[in-house]
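**Student:** I'd like to ask some things about the structure below.
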Amino acid sequence: MQRPVLMWDDDEIGGRIYLQACHLFAAGLAADQKSRVVQHAVSVLHKLTAPKYHMNNYARLELEQKAEWEARFNVEPDSGLREALEMTAEVEAFLFQVKSSLDMLAKLLIPVVGRGTLKTHTYGNKGEDLEKGLKQFRRNSAANPWAVDALVSLVQHGRMAWIESTVSMRDRFSHFTALTGLRFQPIEWPSGWIEARCPTLDGDEILPKLRKIYQSNLEFHQDFMAIALCLKSQGVKLALESPTAMEGAWKSGGRFIKWGVAVAI
């Protein structure tokens, strides 16, 4: 007997993207383009798994190599330092995949507003190109002004809060200078124990930085998709849902559904 194919094994990614879309479709949003939007939403869902994969790989490598370096430092304090090349590769891959997921997210607008309506189909210039296209679309008689304004505001806030810094970091390592110098540093405590201090990036611990970017990206995708589905639905805006009610209605992953529909604005 053939085993069923599971669409995801991560409740949060599945809930914030696939179930969120299903919940809004059930309210009647983008009904005429449902199949095409679902196809793009599934592509977005797949793209979001890649940054998590590399983040988790980094976390595993950091844990393993920290233990290895502490054992080495405490036996041979002068054993020398080596770049954590495997961890470096995971950081770079994580940043590349975050940008790639944003590019895929922008393509979600094609089935919603129609091909050729917006001139940009990627998240170019950290969202500035998309912002210009949305402001032009606002003059379209089919546009929902609330949704256009909300999406422009989301793009602007995302750029200031995390996208500008994240994409700039990705561009730096991709186009200008390689990411180098990630090493565990020996820190001796008064007891004589030598700790292996984890590598840092621009003065910050790397794993908390990756986790913050990952969560910001995931929630940004959910908000972007939900607002985008309203772009051609006149008289509609979004309203926050109860996580408890959503879990009751959609079961596993339902608690991550954030948005429902409010009408007659």
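**Student:** Has segment 34-52 got any residue that is more than 23 Å from the chain's Cα centre (by Cα) and within 20 Å of R211 (Cβ to Cβ)?
**Tutor:** Looking for residues that are more than 23 Å from the chain's Cα centre (by Cα) and within 20 Å of R211 (Cβ to Cβ), one finds none in segment 34-52, hence no.
**Student:** Report yes if some residue within segment 233-252 is among the acidic types (D, E), part of a helix (DSSP H, G or I) and more than 23 Å from D103 (Cα to Cα); otherwise report no.
**Tutor:** Checked segment 233-252: at least one residue is among the acidic types (D, E), part of a helix (DSSP H, G or I) and more than 23 Å from D103 (Cα to Cα).
**Student:** With the condition kept exactly as written, say whether any residue in segment 40-50 is surrounded by 14 or more Cβ atoms within 10 Å (Cβ to Cβ), among the β-branched types (V, I, T), closer than 22 Å to E205 by Cα and in contact with a His (Cβ under 9 Å, 6 or more places away or on another chain).
**Tutor:** No, every residue in segment 40-50 fails to be surrounded by 14 or more Cβ atoms within 10 Å (Cβ to Cβ), among the β-branched types (V, I, T), closer than 22 Å to E205 by Cα and in contact with a His (Cβ under 9 Å, 6 or more places away or on another chain).
**Student:** Let me ask something else. Could you list, in sequence order, all residues of segment 129-146 that are of a type in the set (A, V, I, L, M, F, W, C) and touching a Ser or Thr at 6+ places or on another chain (Cβ under 7 Å)?
**Tutor:** Within segment 129-146, L130, F137 meet the criteria.
**Student:** Right, another one. Might you let me know whether segment 194-203 holds any residue that is under 16 Å from M87 (Cα atoms) and of a type in the set (D, E)?
**Tutor:** yes
**Student:** If a residue must be touching a helix residue (DSSP H, G or I) at 6+ places or on another chain (Cβ under 9 Å) and part of a helix (DSSP H, G or I), how many such residues does segment 6-33 contain?
**Tutor:** So the count comes out to 17.
**Student:** Still on this structure, please answer the following. Name the residue that is farthest from L95 (Cα to Cα), counting only residues in segment 189-205 that are outside any loop (DSSP other than H, G, I, E, B) and not polar (S, T, N, Q).
**Tutor:** Within segment 189-205, the match that is farthest from L95 (Cα to Cα) is I194.
**Student:** Also, quick follow-up: Filter segment 109-132 down to the residues that are under 22 Å from the mean Cα position of the chain (by Cα), of a type outside the set (D, E, K, R) and part of a helix (DSSP H, G or I) and list them by number.
**Tutor:** L109, I110, P111, V112, G124, N125, G127, L130
Each row is one residue, and each column tells you yes or no for (1) of a type outside the set (S, T, N, Q); (2) in contact with a helix residue (DSSP H, G or I) (Cβ under 7 Å, 6 or more places away or on another chain); (3) surrounded by 15 or more Cβ atoms within 10 Å (Cβ to Cβ).
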residue	(1), (2), (3)
S35	no, no, no
L63	yes, no, no
A67	yes, no, no
R72	yes, no, yes
S79	no, yes, no
E83	yes, no, no
V98	yes, yes, yes
H121	yes, yes, yes
G127	yes, yes, yes
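**Student:** List the number of the failed condition for K209; all other conditions in (1) of a type outside the set (S, T, N, Q); (2) within 23 Å of K47 (Cβ to Cβ); (3) touching a residue at least 12 places away in the same chain (Cβ under 8 Å) hold.
**Tutor:** (3)
**Student:** Additional query: Considering each residue of segment 139-196, count those that are touching a Lys or Arg at 6+ places or on another chain (Cβ under 9 Å), surrounded by fewer than 18 Cβ atoms within 10 Å (Cβ to Cβ) and under 16 Å from A228 (Cα atoms), and give that number.
**Tutor:** Result for segment 139-196: 4.
**Student:** Quick one: how many residues across segment 157-188 are over 18 Å from L207 (Cα atoms) and part of a strand (DSSP E or B)?
**Tutor:** Qualifying residue count, segment 157-188: 3.
Rundown of residues vs (1) at pLDDT 95 or above; (2) over 30 Å from H54 (Cβ atoms); (3) of a type outside the set (D, E, K, R), yes/no style:
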{"position": "V91", "(1), (2), (3)": "yes, no, yes"}
{"position": "L95", "(1), (2), (3)": "yes, no, yes"}
{"position": "G114", "(1), (2), (3)": "no, yes, yes"}
{"position": "K132", "(1), (2), (3)": "no, yes, no"}
{"position": "N140", "(1), (2), (3)": "no, yes, yes"}
{"position": "H157", "(1), (2), (3)": "yes, no, yes"}
{"position": "T166", "(1), (2), (3)": "yes, no, yes"}
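**Student:** On to the next question. Tally time: how many residues in segment 90-133 are touching a residue at least 60 places away in the same chain (Cβ under 8 Å) and in contact with an Asp or Glu (Cβ under 8 Å, 6 or more places away or on another chain)?
**Tutor:** Total satisfying the criteria: 0.
**Student:** I'm trying to understand the selection: among the residues of segment 53-81, which are more than 31 Å from the chain's Cα centre (by Cα) and closer than 26 Å to F224 by Cβ?
**Tutor:** Matches in segment 53-81: none.
**Student:** Going by the structure shown, is A26 free of Cβ contacts under 8 Å to residues at least 40 places away in the same chain, under 26 Å from the mean Cα position of the chain (by Cα) and either more than 30 Å from R197 (Cβ to Cβ) or crowded, with 17+ Cβ neighbours inside 10 Å (or both)?
**Tutor:** For A26, the condition - free of Cβ contacts under 8 Å to residues at least 40 places away in the same chain, under 26 Å from the mean Cα position of the chain (by Cα) and either more than 30 Å from R197 (Cβ to Cβ) or crowded, with 17+ Cβ neighbours inside 10 Å (or both) - is met.
The values are calculated or read from the model by the stated rules, or taken from the named source; none is laboratory data. Note that the structure is a prediction, hence the values are computed from the model and not measured. Cβ coordinates were reconstructed from backbone atoms using ideal geometry, including for glycine residues, and neighbour counts include every protein chain displayed.
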